[in-house]
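A.B. asks: Handing you this structure, nothing more for now.
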Amino acid sequence: MNVVIKADPKAVTEFACEMVRERLAHDRYRVLGLPTGGTPVLLYQALIASYQRGEVDFAEVITFNLDEYLGLEPTHPQSYRRFMEENLFSHVNIRPENIHFLSGLPDDIDEHCADYERKIVEAGGINLQILGLGRDGHIGFNEPTSSLRSRTRDKTLTKATIEDNRRYFAREEDVPRWALTMGVGTIMDAHEILLLATGRNKADAMKAMVEGPMTAMCPGSVLQVHPRVTVVCDEAAAAKLDHDAYYRWMEENDYRMQGFLDEQRRRVESN
Ligand code: PGA
């Protein structure tokens, strides 16, 4: 796990935007897994600005969103489908047929979820999965106790998640209690993962995810066994990490490695 600590959400956004831009410039990266929530909004704004400057092109990009509330139609103001339309899709040149979403009103949940999994495979798998982190350690809507091998399915939201999402709804009873979500195993199949976490209220979840034991009680902790994960967070979200000095040291030194190796090769050759 590569943990990158930045000063504030703006710096987190710049780092994440640069990474997405760089990956999309690469031929092999065109399938993105996308999150909703407060954290990725800044990233989407930065990607839109980047697109407007001609730095990133979504014409060939295929997207799969992580999750959707059960019971909400795609045009519902609080649906994640609508969130993505307003915060990203309607502002860039992505093709509507390349956008994939779980339905909030499926006829048959199991069949619909299996079909979503099939579509991910048909697209060649997710190249870069972007994630947020729930206060309770969830990724997607994989709440604590989610099987670490779970596939796309329905999930009952925790009270903590319902409270966190309450701000988007008029009344608490309007917040859906269930969602469809890519499973932990589905997320783990992505070639590469970029997780964003900002704010003090994520500090406990960050500590559990990065430095705690791998456990279904903190589904994000499974990322410890994924070979290509970058976690980018701000100082507030990093506040409870014990090994933060090492993460900073690693970032300071990483880019020096190639130069050092070249130098040492030259030294050995000249001897
Ligand atoms: P947030 O949600 O970005 O709104 O904090 C994160 C998540 O639940 O994944």
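The values are calculated or read from the model by the stated rules, or taken from the named source; none is laboratory data. Predicted model only: the values in this text are computed from it and were never measured. Glycine gets a Cβ as well: all are built from the backbone with ideal geometry, and neighbour counts include every protein chain shown. Only protein heavy atoms, including side chains, enter the accessible area calculation; ligands, DNA and RNA are left aside. Shrake-Rupley method; radii C 1.70, N 1.55, O 1.52, S 1.80 Å.
A.B. asks: How much accessible area per residue does the range 157-271 have, in Å², with a 1.4 Å probe?
C.D. replies: Ligands and nucleic acids excluded, the figure is 55 Å² per residue.
A.B. asks: Past the 25 angstrom mark, what percentage of all C-alpha to C-alpha distances in the range 27-158 do you count?
C.D. replies: Everything past 25 Å amounts to 24 percent.
A.B. asks: For the chain, what is the percent of antiparallel DSSP beta bridges, rounded to the nearest 5?
C.D. replies: Of those bridges, close to 30 percent are antiparallel.
A.B. asks: Pulled fully out, how much extra length does the chain show between residue 28 and residue 172, if you take 0.36 nm times their separation in residues and subtract their Cα-Cα distance?
C.D. replies: Contour length minus Cα-Cα distance gives 47.5 nm.
A.B. asks: Right, next: In terms of solvent-accessible area of protein heavy atoms at a 1.4 angstrom probe, what is the ranking of 63, 36, highest value first?
C.D. replies: Accessible-area ranking of 63, 36, largest first: 36, 63.
A.B. asks: Using a Förster distance of 25 angstrom, determine the FRET efficiency expected from the C-beta separation of residue 60 and residue 2, and round it to 0.05.
C.D. replies: Numbers: r = 27 Å, r/R0 = 1.07.
For residue 60 and residue 2, the calculated efficiency is 0.40.
A.B. asks: Over the Cα atoms, compute the radius of gyration (one decimal) and Dmax (the largest Cα-Cα distance, rounded to a whole number) for the range 91-226, in Å.
C.D. replies: For the range 91-226, the Cα radius of gyration and maximum Cα-Cα distance read 15.3, 42 Å.
A.B. asks: A follow-up question, please. Against the globular-protein guess of 2.2 N^0.38 Å, express the Cα radius of gyration of the range 195-271 as a ratio, rounded to two decimals.
C.D. replies: 1.48
A.B. asks: If you don't mind, another one. With all distinct Cα pairs included, what does the Kirkwood hydrodynamic radius of the range 1-67 come out to in Å, to one decimal, could you say?
C.D. replies: 12.8 Å
A.B. asks: Hey, which lysines would be in cross-link range of residue 6, C-alpha to C-alpha under 26 Å, not counting anything within fewer than 8 residues on its own chain?
C.D. replies: Partners within reach: 202, 207, 240.
A.B. asks: Any chance you could look up the accessible area of residue 268 with a 1.4 Å probe, heavy atoms only, rounded to 10 Å²?
C.D. replies: About 90 Å², ignoring ligands and nucleic acids.
A.B. asks: For residue 6, what accessible area in Å² do you get when you roll a 1.4 Å probe over the heavy atoms of the protein chains, rounding to the nearest 10?
C.D. replies: About 50 Å², ignoring ligands and nucleic acids.
A.B. asks: If I compute solvent accessible area with a 1.4 Å probe over the protein chains, what percent of it on the chain is carbon and sulfur?
C.D. replies: 50 percent
A.B. asks: Also, I was wondering about something else. Residue 201 versus residue 119, label points 7 Å from Cα toward the beta carbon: distance in nm?
C.D. replies: For the pair residue 201/residue 119, the computed spacing is 3.0 nm.
A.B. asks: Ignoring everything except DSSP H segments at least 4 long, calculate the 222 nm mean residue ellipticity for the chain; use -39,500 (n - 2.57) per segment, divide by total residues, nearest 500.
C.D. replies: So the calculated ellipticity at 222 nm is -11000 deg cm²/dmol.
A.B. asks: Next question, about the same structure. Using every alpha carbon pair in the chain, what percent of pairs falls into each 10 Å bin from 0 up to the bin containing the largest distance?
C.D. replies: Computed distribution, short to long bins: 7, 29, 36, 20, 5, 2, 1, 0.
A.B. asks: Could I ask something else about it? Starting from the residue with the highest accessible area, list 178, 249 in decreasing order, probe 1.4 Å.
C.D. replies: Correct descending sequence by accessible area is 249, 178.
A.B. asks: Quick check: with the 1.4 Å probe, what order do 206, 250, 257 take by accessible area, largest first?
C.D. replies: 257, 250, 206
A.B. asks: What distance in nm separates the simple spin-label points at residue 162 and residue 269, each placed 7 Å from Cα in the Cβ direction?
C.D. replies: Each label point is offset 7 Å from its Cα along the Cβ direction, giving 6.6 nm.
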